[in-house]
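Quick notes on the structure that follows.
The values are calculated or read from the model by the stated rules, or taken from the named source; none is laboratory data. Source: prediction; values computed, not measured. Counting neighbours? That spans all protein chains shown, and the Cβs are built from the backbone with ideal geometry, glycine included.
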Amino acid sequence: MAKKHRQGKTRSGRRGARERQLVTIRYGILAAAAAIVGALLIWGVLYSSGAGDGGGIAEDDDYRVVEDPPRRRPDDPIVVTEFFSYGCIHCRAFDPLIEDWRGSLPEDAVFERAPVAFSVEWAVLGQAYLALVETGALAANHERIFRAIHDNGRTFLTANQIADFVDGNGVTRQAFLDAFNSSAVRRTLARNEARQRQLGVTSVPSLAVADAYVVNMNVGRRRALEVASQLIGLVRSGGEQTGGVPVSQP
């Protein structure tokens with residue numbers, strides 16, 4: 001009886017040890033998973049804000065140089081172009097940052113948007129953007145269109161649908177349609193598509209500086225704007241790194 005009792009106690013002790021070991025392993029796995037999740041959350045915050053980045057900029061990491069960029073004169077404005085689409089949710093999120101940043105541009109730099117046409121729907125939206133610029137009604141409708149698409153789930157597949165939406169907001173329906181179908185707007189859209197191909201823009205939002213650099217947007221939105229600001233300085237310096245070839249005035 002004593003032997004059986006000791007064997008029972010031994011088996012019970014072993015079970016307890018195994019259970020304690022399993023509990024320890026389980027807590028270890030949970031702690032490791034929590035650490036991974038925390039690291040991913042921190043990385044996500046740093047990516048979206050660009051926090052933690054600073055100092056200088058480096059080719060390939062922060063930007064790439066465009067082959068055969070256009071020639072620019074020293075007194076030409078330095079143009080920063082955002083390639084975008086109203087249909088792009090990332091462009092929607094980037095827009096408030098862009099609006100704040102553009103107000104701090106130096107006097108020799110200007111900001112512009114160039115809509116892309118990655119699909120038929122986006123082509124309609126891009127043409128609509130240019131029509132709003134042409135009619136002077138962009139300020140009254142730019143944010144409205146972003147909100148309608150991404151906050152309210154509206155779709156705009158035709159010029160008439162957009163004309164109905166913007167009618168009475170800085171432009172009449174007919175004036176918008178006239179601009180939408182104008183040769184000037186169509187030519188601008190075609191030029192933007194040619195620039196997009198030349199610069200190798202395949203995703204949006206994308207930032208180009210003087211059509212000589214394209215910013216690496218993977219560095220985070222705020223960091224991308226910081227990179228663009230520093231690239232403006234490079235272009236201004238007329239140095240070899242700008243990729244542009246300054247020419248003398250006649």
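Summary table below
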| quantity | calculated |
| --- | --- |
| Unique residue being of a type in the set (G, A, S), without any contact (Cβ under 8 Å) to a residue 40 or more places away in the chain, out of contact with any Leu (no Cβ under 8 Å at 6 or more places or on another chain) and farther than 25 Å from S229 by Cβ when the list is A137, A58, A128 | A137 |
| Residue satisfying all of: in the range 122-153; in contact with a Gly (Cβ under 6 Å, 6 or more places away or on another chain) and surrounded by fewer than 19 Cβ atoms within 10 Å (Cβ to Cβ); farthest from T172 (Cα to Cα) among these | W122 |
| Whichever residue in the range 158-186 is among the hydroxyl-bearing types (S, T, Y) and free of Cβ contacts under 8 Å to residues at least 12 places away in the same chain and, among such residues, is nearest to A117 (Cα to Cα) | S183 |
| All positions within the range 195-221 that are outside any helix (DSSP H, G or I) and either modelled with pLDDT under 95 or polar (S, T, N, Q) (or both) | T202, S203, S206, N216 |
| Filtered residues of the range 103-121 (kept if in contact with a Gly (Cβ under 7 Å, 6 or more places away or on another chain), assigned to a loop (DSSP other than H, G, I, E, B) and either free of Cβ contacts under 8 Å to residues at least 40 places away in the same chain or not assigned by TED's automatic domain parsing to the domain that holds S183 (or both)) | none |
| V116 being over 21 Å from R195 (Cβ atoms) and modelled with pLDDT of 95 or more | no |
| Residue count for the range 70-97, restricted to those that are surrounded by fewer than 20 Cβ atoms within 10 Å (Cβ to Cβ) and either in contact (Cβ under 8 Å) with a residue 12 or more places away in the chain or within 11 Å of the chain's Cα centre (by Cα) (or both) | 12 |
| The range 192-209, subset in contact with a Leu (Cβ under 9 Å, 6 or more places away or on another chain) and among the hydrophobic types (A, V, I, L, M, F, W, C), residue surrounded by the fewest Cβ atoms within 10 Å (Cβ to Cβ) | L207 |
| The range 98-121, subset surrounded by 16 or more Cβ atoms within 10 Å (Cβ to Cβ) and small (G, A, S), residue farthest from R191 (Cα to Cα) | A109 |
| Selected residue [outside any helix (DSSP H, G or I) and in the same structural domain as L125 (by TED's automatic domain parsing)] from N192, N169, N160 | N169 |
| Every residue from the range 176-207 that is in contact with a Phe, Trp or Tyr (Cβ under 7 Å, 6 or more places away or on another chain) and hydrophobic (A, V, I, L, M, F, W, C) | V201, V204 |
